[in-house]
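Asker: Following this message is one structure expressed as structure tokens.
The values are calculated or read from the model by the stated rules, or taken from the named source; none is laboratory data. Since the structure is predicted, the reported quantities are computational estimates derived from the model, not experimental observations. For neighbour counting, all protein chains shown are included, and Cβ atoms are generated from backbone atoms with ideal geometry for every residue, glycine included.
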Amino acid sequence: MPTGKGCLVAEQTLFQSFFLIFTGAAIVASLFLYGRQPLLVAYIALGVLLGPSCLAVVGDVKLLAEMSSIGIVFLLFLLGLEMQPKALASVLRKVTVVGLASCTLFLVLGFAIGRLFGFTDIESWVIGMALMFSSTIIGIKLLPTTVLHHKYLGELMVGLLLFQDFAAILCLVILLSGSAGAVDFARLILSFAALPLLLVLAWLFVKFPLRPLFARFDRFHEYVFLLALGWCMGLAELAEVLGLSREIGAFIAGISLATSSISQYIALNLKPLRDFFLVMFFFSLGAQFKLSMVPEIALPALATAAAVLTIKPLVFRYLLGNQSEQKVLAWDIGFRLGQISEFSLLIAFLAFKQQLIGSAASHLIQATAILTFLASSYIVVLNFPNPIAIRDELRRD
């Protein structure tokens, strides 16, 4: 076990990183609120400012990024807690056609953009994969809670995001099974065979050990919190071991507890912890971006971001227009989903790690994510009901 001065320095470095992130975020967020600007923009801007490409005052950005991914796990867990299994099946049935059509269109769009700017076929397909998905964080975080749980808009949003999550898992499994352009179909089949196994294990574990434990010790709030946290993280890690992803494992963990009487209490107590890690997620997104790559990828990134911000709302408006009595509802969903996803960043990372794409393609996806996150946040915050609106008439908790 490390002792002495070296261990103390490591501890101080981690503490200092947290100090810089959260104290800096508090200051910058205050300024942004006075300036009537979205808070997500503040976190990303702070990451760029304090990260290696600018002031370089934050140490291990990779460690912070890995820690911040816990926020996405909690987000999916909480989303699962709010979804009754029967309601989930109904919602997914409503959006399957729209999900398939939109993912296909954005995949082709990304491939066309990649080829236009001289990327290889494989790099262009990966760029297409990245464009298929919209941000769960932005989509859910900027959706009023009352709309999320009780309105048709909320059902469609959640359904489309969940469909995209499953499609993202497929893309991640393909990338993880690939090496230099080859896909291991045996590993791919095994990974998807693990999904029903995970569902059965979750159902059995909740029915026998978990529910009786919650019922017997529900007076001990600390224990309930720890048991829920352990269940979320445990099933997330099991999903990762089985070749799926932590996010899908966390979502299944939430779904398995959704019918429990304790689910709303768990959701309420986990939200502050989720928000803690989501601040780190947006900070690390800005901190990991290399400003030195900007001259090389500026034009393709701007073109890709413009295409996403323009075409995604149009596509969802057209595809959802026949399902909604009000055209404004389809526009609302289209603009809320008018960005790429945190999954897109993971796709860029894995594809680069598997040597399927080069640094330029990876940074193109990262730049497009940052640009569309920023622009889409502004569009939603300034024009649609949301919890952090800068105009009182649009603010909905």
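Asker: Kindly check whether there is at least one residue in region 135-148 that is modelled with pLDDT of 95 or more, part of a helix (DSSP H, G or I) and over 17 Å from L346 (Cα atoms). Full working, then the answer.
Answerer: Looking only at region 135-148, we keep the residues that are modelled with pLDDT of 95 or more, and these are none.
Within region 135-148, not a single residue is modelled with pLDDT of 95 or more, part of a helix (DSSP H, G or I) and over 17 Å from L346 (Cα atoms).
For (1) at pLDDT 90 or above; (2) surrounded by fewer than 21 Cβ atoms within 10 Å (Cβ to Cβ), each residue gets a yes or a no:
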residue	(1), (2)
V279	no, no
S284	no, no
S292	no, yes
L309	yes, yes
R317	no, yes
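Asker: Answer yes or no as to whether L238 is farther than 23 Å from P272 by Cα, under 19 Å from the mean Cα position of the chain (by Cα) and not small (G, A, S).
Answerer: On the way: farther than 23 Å from P272 by Cα: yes; under 19 Å from the mean Cα position of the chain (by Cα): no; not small (G, A, S): yes.
No, not satisfied.
Asker: Quick test for you: out of L172, L131, L176, L188, pick the one residue that is modelled with pLDDT of 80 or more and not polar (S, T, N, Q). Let's see the steps before the verdict.
Answerer: Numbers: L172 fails: modelled with pLDDT of 80 or more; L176 fails: modelled with pLDDT of 80 or more; L188 fails: modelled with pLDDT of 80 or more.
Selected residue: L131, the only one of L172, L131, L176, L188 that is modelled with pLDDT of 80 or more and not polar (S, T, N, Q).
Asker: Quick one: which residue in K353, K327 is over 19 Å from L172 (Cα atoms) and modelled with pLDDT under 90? Steps first, please.
Answerer: Numbers: K353 fails: over 19 Å from L172 (Cα atoms).
When all the criteria are applied, what remains is K327.
Conditions tested, residue by residue: (1) out of contact with any Asp or Glu (no Cβ under 8 Å at 6 or more places or on another chain); (2) assigned to a helix (DSSP H, G or I); (3) modelled with pLDDT of 90 or more.
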position	(1), (2), (3)
Q37	yes, no, no
A56	yes, no, no
S69	yes, yes, no
K86	yes, yes, no
V91	no, yes, no
V95	yes, yes, no
T104	yes, yes, yes
L109	yes, yes, yes
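Asker: Looking at region 362-385, which of its residues are in contact (Cβ under 8 Å) with a residue 24 or more places away in the chain and over 20 Å from the mean Cα position of the chain (by Cα)? Lay out the reasoning, then the answer.
Answerer: Of region 362-385, the ones in contact (Cβ under 8 Å) with a residue 24 or more places away in the chain are 363-381, 383-385.
N383, F384, P385, listed by residue number.
Asker: Quick check: anything in region 319-336 touching a residue at least 24 places away in the same chain (Cβ under 8 Å) and under 15 Å from the mean Cα position of the chain (by Cα)?
Answerer: yes
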